[in-house]
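Shown next, in structure tokens, is the structure this report addresses.
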Amino acid sequence: MSESAESVDLIKLPVSKLTLGMFVSAIDKNDQGRLAIANAGQIKHKDAILKLTKNGIKYVWVDTERSAEHCGFKRKASNDSQVKKPIVTREKQQEQAQVILTEAKDLIRKVLSETFEGKAIEVAPFEALADSMIESVLLDEDALKCMSALRTKDAYLLEHSVNVAFLLVTFGKYLKLDRSMLREMAVGGILHDIGKIKVDNKVLHKPGKLTPEEFEHMKLHQVYALEIMSETKGLSQISKDVCLMHHEKLDGRGYPRRLKGDEIPLHGRMSCIVDIFDALTATRCYKEAMSPAAAFKILLSLTPFHLDQQLVYDFIRCIGVYPVGSLVELSDGRVGIVWASKDRDALHPIVKCFYSLKAKRYTEVVMVDLLKSELHIERGVSPSSLDIDPTPFY
Ligand SMILES: [Fe+2]
């Protein structure tokens, strides 16, 4: 891994020099260079140091700025830290995003099987994961967006849970919610469909519309969630709300508690919006993915009786018509992935082109910066409508 992208706030320390309170951002195993870790965080117990040694980690990268308060590192002056903002390459971000998403799916897979066996949920690993997700979004969300756009049909529950958490953090950041709120919402998002583990598999994986009886059975996932949440120690109220309110409706016709209007707080309303949006834009074995623009239309049609109208408008502004990770057709007939949108308006992202609609073949991979090009986006497209596989280009 290149050291040129290193953050000025990081120092490399042997594990033996680690003390409680230090904030570990990356590890170095057998001099392989800096490896980002998904569960970056503060050393709160000696056990964490022992675990690193046990796993053969020789050196770690400590964030001096975030460790300053506890460990006596000198904190930089605020204007200084602005000038020396960490420079992190997109490749590195993408690597880190991949680690976060893989770890998230592994963790959800584990908790699903443990819950199925009747074991209690341990909250701490989810909090660590939520922290990594927030770090990544705060730094530059584009890499995570691109990675999370890669879905597989058979792992829907895992990917939906990760995406709902990620969308809640992105939306929360847009609404300028504080970090602890983002963290609690992310944990709630990861766990929001945990009750589905107790739903009959035939109903859960049915390829097609559910019968009224099957739908009633599916709704039970929130009754199971109520039970699971009440048995989970250490879970914040906000995390519980995100899990238990994502099917409530403002007019009181939702489930499981038929909450109405002000009984559904901001984070509950946000969870309803992101849950529907992610379900609509996902490919399932029985339906193709909907484009974000089409999904926004449906969200708006569900206001104001089901969803909060103002919040839906905010969400649309937050995600943008051509979100990073989605496919677009340019005015010259090329198709590409919306690659980066940070610090630009929604209509002029950087697009990674790889296919020509005119020639009906894959082309040389080229990054087109629409701020510097005469080209423009013609429309958003779904991979299935073009019969192409964009996966290798992410
Ligand atoms: Fe649900």
> Of all residues in the range 195-230, how many are modelled with pLDDT of 90 or more, polar (S, T, N, Q) and within 19 Å of Val111 (Cβ to Cβ)?
Replying inline: 1
> Mind checking which residues of the range 195-214 are in a helix (DSSP H, G or I), more than 12 Å from the ligand (Cβ to nearest atom) and either free of Cβ contacts under 8 Å to residues at least 12 places away in the same chain or not hydrophobic (A, V, I, L, M, F, W, C) (or both)?
Replying inline: Lys198, Asn201, Lys202, Pro212, Glu213, Glu214
>> in contact with a strand residue (DSSP E or B) (Cβ under 9 Å, 6 or more places away or on another chain), in the same structural domain as Gly234 (by TED's automatic domain parsing) and among the aromatic types (Phe, Trp, Tyr): which single residue out of Tyr156, Tyr174 fits that description?
In response: Tyr156
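Results for (1) surrounded by 20 or more Cβ atoms within 10 Å (Cβ to Cβ); (2) on the phi > 0 side of the Ramachandran plot; (3) among the hydroxyl-bearing types (Ser, Thr, Tyr), shown as yes or no for each residue.
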site	(1), (2), (3)
Leu157	no, no, no
Ser161	yes, no, yes
Val169	yes, no, no
Glu213	no, no, no
Glu216	no, no, no
Val242	yes, no, no
Glu248	yes, no, no
Pro256	no, no, no
Asp262	no, no, no
>> Just to be sure I understand, how many residues within the range 355-376 are assigned to a strand (DSSP E or B) and either touching a Ser or Thr at 6+ places or on another chain (Cβ under 6 Å) or farther than 21 Å from Ala143 by Cβ (or both)?
In response: 6
> Is it the case that His267 is in contact (Cβ under 8 Å) with a residue 40 or more places away in the chain, closer than 25 Å to Ala294 by Cα and away from the ligand (no atom under 13 Å from the Cβ)?
Replying inline: yes
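Can you confirm whether the range 170-185 contains a residue that is within 16 Å of the ligand (Cβ to nearest atom) and in a helix (DSSP H, G or I)?
yes
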> What are the residues in the range 103-153 that are among the hydroxyl-bearing types (Ser, Thr, Tyr) and either exposed (fewer than 13 other Cβ atoms within 10 Å of the Cβ) or in a loop (DSSP other than H, G, I, E, B) (or both), if any?
Replying inline: Ser113, Thr152
> Which one is nearest to Leu177 (Cα to Cα) among residues in the range 261-290 that are in a loop (DSSP other than H, G, I, E, B) and modelled with pLDDT of 95 or more?
Replying inline: Pro265
>> For the condition touching a Ser or Thr at 6+ places or on another chain (Cβ under 6 Å) and surrounded by 17 or more Cβ atoms within 10 Å (Cβ to Cβ), what is the one hit in Val335, Val312?
In response: Val312
> If you check every pair at least six apart or on different chains, which have Cβ atoms under 8 Å apart with a residue in the range 54-65 that is on the phi < 0 side of the Ramachandran plot and in a loop (DSSP other than H, G, I, E, B) first and a residue that is modelled with pLDDT under 80 and among the basic types (Lys, Arg) second?
Replying inline: Asn55/Lys29
> Does any residue of the range 246-257 turn out to be within 14 Å of the ligand (Cβ to nearest atom) and in a helix (DSSP H, G or I)?
Replying inline: no
> Is it true that Leu235 is more than 21 Å from Gly380 (Cα to Cα), modelled with pLDDT of 95 or more and away from the ligand (no atom under 15 Å from the Cβ)?
Replying inline: no
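The values are calculated or read from the model by the stated rules, or taken from the named source; none is laboratory data. Given the structure is predicted, the values throughout are model-derived calculations rather than measurements. Cβ: placed from backbone, ideal geometry, glycine included. Neighbour counts: every protein chain shown.
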